[in-house]
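As structure tokens, the structure follows; a few thoughts come after it.
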Amino acid sequence: MSCLAGAWAHPCGGPDEAARAAGEGEQRLHGLSAWREAPCYSERERDALEWTEAVTLMAEEQVPDRVHDAVRPHFSERELTDLTWLVVTMNAWNRMAIALRKVPGSYKVGERASAHPGSAR
């Protein structure tokens with residue numbers, strides 16, 4: 001599962017529920033893991049998804065020039081900054097969940113995780 005697909009299946013319910021509430025269709029949500037092949041995404045959306053993957057996977061190098069060049073015509077500086085913040089925020093949440101061995105789907109609305117083992121909730 002790609003990190004983006006993982007974001008939509010986030011243990012907190014998160015973005016997929018918000019997308020459904022905003023009227024997003026199931027086909028498009030389920031198609032995220034195969035966004036390159038799925039015909040239901042616009043060029044702008046494909047560029048955003050490619051940007052998301054490039055930012056997620058960059059470790060020692062910058063986003064490839066071809067990805068940067070492809071996304072620029074579709075997004076203002078502010079939009080690209082906002083998208084990048086969204087990507088790095090989701091990556092941080094995903095890394096926390098992985099590091100803390102959280103089980104997808106185990107989060108219950110209203111529950112608060114304790115900061116320290118054995119502390120009161």
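No lab work stands behind these numbers, since they all come straight from the coordinates. Remember, predicted model here, so these are calculated numbers, not experimental data. Because the Cβ atoms are built from the backbone with ideal geometry, glycine has one as well, and the counts that use them run over all protein chains shown.
What nm distance separates the two modelled labels at T89 and H68, each placed 7 Å from Cα along Cα→Cβ?
Result: 2.5 nm between the two label points.
Computed FRET efficiency, Cβ-Cβ of L49 and M96, R0 25 Å: what is it to the nearest 0.05?
Approximately 0.65, to the nearest 0.05.
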